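Heads up: the structure comes next, in structure tokens.
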Amino acid sequence: MIKQYSLSLVMPCKNEGKALETVLKKLPKEIDEVIVVDNNSNDSTKKVAKKYGARIFTEKRSDKHGIGYGFALQKGISQAKGTIVVCMDGDGSYPVKEIPHLAKTLIEKNLDFISCNRLPFKKPKDMSSVRAFGVKILNFITWFLYGYKINDSLSGMWVFKRYAFEEIGLIEGGWNLSLEIKLKALIHPGIKFSEHQISYRDRIFDLSKQSLFQTGFEHVLYLFKFRLALIKANNFSLGINYFAKE
Ligand SMILES: Nc1nc2c(ncn2[C@@H]2O[C@H](COP(=O)(O)OP(=O)(O)OP(=O)(O)O)[C@@H](O)[C@H]2O)c(=O)[nH]1
Ligand SMILES: [Mg+2]
């Protein structure tokens with residue numbers, strides 16, 4: 001609880017047992033509930049989540065590549081009871097201890113949505129150079145197509161007021177949800193969006209299962225498709241006049 005706002009932390013988890021324990025051990029007292037959305041994990045994910053009193057949900061849907069990241073987040077956020085919702089990976093790469101400060105910033109600056117910016121990195125090993133370059137390309141395409149300057153279009157950590165989620169409506173089931181949630185929050189005239197710097201480190205356990213090039217390609221395609229959909233919906237007001245919203 002911060003001021004009169006309750007806090008829910010939502011984490012999609014697929015085989016993150018070891019990493020999840022390190023996150024839940026450091027949980028700040030201000031967090032009122034933790035939601036873990038599991039997807040057929042065959043490790044200790046559920047056991048660990050239960051040990052720390054998290055609410056556990058199962059989401060079996062996945063996209064054509066077998067990724068259920070977006071579906072898991074949709075499920076988790078829709079079940080959250082907090083007036084402020086925080087989403088992040090359950091792999092220990094995002095800073096759980098920075099949540100109270102981010103939530104305070106959201107409240108005090110009267111914002112609706114904070115996307116947590118990982119760049120620039122303190123140490124080069126915090127993110128591979130291929131991935132960091134990919135993020136910069138996506139940032140550029142976002143600016144080019146939508147007119148918004150964003151530092152980290154692929155951040156997987158967001159802090160937002162629950163009603164913002166109800167306002168924007170999410171549909172992406174795979175990795176594109178990360179772009180979708182930021183774009184929809186950015187372009188929504190009633191949502192005050194901002195980016196805030198966080199510390200970030202590469203995942204601490206297990207090798208990444210991410211297929212960088214396939215995911216990157218899907219992201220580029222998504223950015224173009226979503227822009228086209230806006231044009232078709234006659235949303236021409238969105239253009240290069242709209243620089244960083246804050
Ligand atoms: N429930 C569920 N969670 C998933 C699924 N795919 C990924 N996740 C979780 O979503 C979060 C983000 O996935 P990551 O594998 O960390 O993706 P990434 O951060 O791009 O890549 P690395 O951290 O380098 O592996 C993690 O907590 C995963 O466990 C899925 O299909 N279902
Ligand atoms: Mg990760």
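Where a number appears in this text, it was derived from the coordinates with a stated rule and is not lab data. Nothing here was measured: the structure is a model prediction, and the numbers come from that model. Backbone-built Cβ (ideal geometry, glycine too); neighbour counts: all protein chains shown.
Where does each of 170-183, 22-35, 209-222 land if you order them by average Cβ count within 10 Å, highest first?
Ranked from most to least packed, the peptides come out as 170-183, 22-35, 209-222.
How big is the antiparallel share of DSSP beta bridges in the chain, given as a percent to the nearest 5? Working shown, then result.
Values: 8 of 27 bridges.
In the chain, approximately 30 percent of DSSP beta bridges are antiparallel ones.
Could you work out how far apart the two model spin labels at K29 and K136 are, taking each label as a point 7 Å from the Cα in the direction of the beta carbon, and quote it in nm?
4.3 nm
Between K225 and F121, how many nm apart are label points set 7 Å from Cα along the C-beta direction?
Inter-label distance under the simple model: 2.9 nm.
What FRET efficiency, computed as 1/(1 + (r/R0)^6) with R0 = 51 Å and r the Cβ-Cβ distance, is obtained for K149 and T58, rounded to the nearest 0.05?
So the FRET efficiency works out to roughly 0.85.
For the chain, what is the per residue volume of the convex hull drawn over the alpha-carbon atoms, in cubic angstrom?
Residue-normalised Cα hull volume stands at 116 Å³.
What does the extension gain come out to for N40 and M1, with contour length at 0.36 nm per residue minus their alpha carbon separation?
Stretched out fully, the N40 to M1 stretch lengthens by 10.9 nm.
Which peptide among 151-163, 55-67, 95-107 comes first, and what is the full order, when sorted by highest mean count of other Cβ atoms within 10 Å?
Descending mean neighbour count gives 151-163, 95-107, 55-67.
What do you get for the angle between helix 69-79 and the principal long axis of the chain? Use alpha-carbon atoms, 0 to 90 degrees, nearest ten.
With both axes taken from Cα atoms, the answer is about 70 degrees.
Which pairs break 29 Å Cα to Cα here: K29/K184; K64/K184; K64/K122; K46/K192?
Check vs 29 Å cut-off fails for K29/K184; K64/K122; K46/K192.
Excluding E98 itself, what net charge comes from residues whose Cβ is under 13 Å from its Cβ, given Lys and Arg +1 and Asp and Glu -1?
My count for the surroundings of E98 gives +4.
Restricting to DSSP H runs of at least four residues, report the calculated mean residue ellipticity at 222 nm for the chain, -39500 (n - 2.57) per run over all residues, nearest 500 deg cm²/dmol. If you can, show how the numbers build up before the last one.
On the way: 8 runs with 94 residues, N = 246.
Using -39500 (n - 2.57) per qualifying helix, the result is -12000 deg cm²/dmol.
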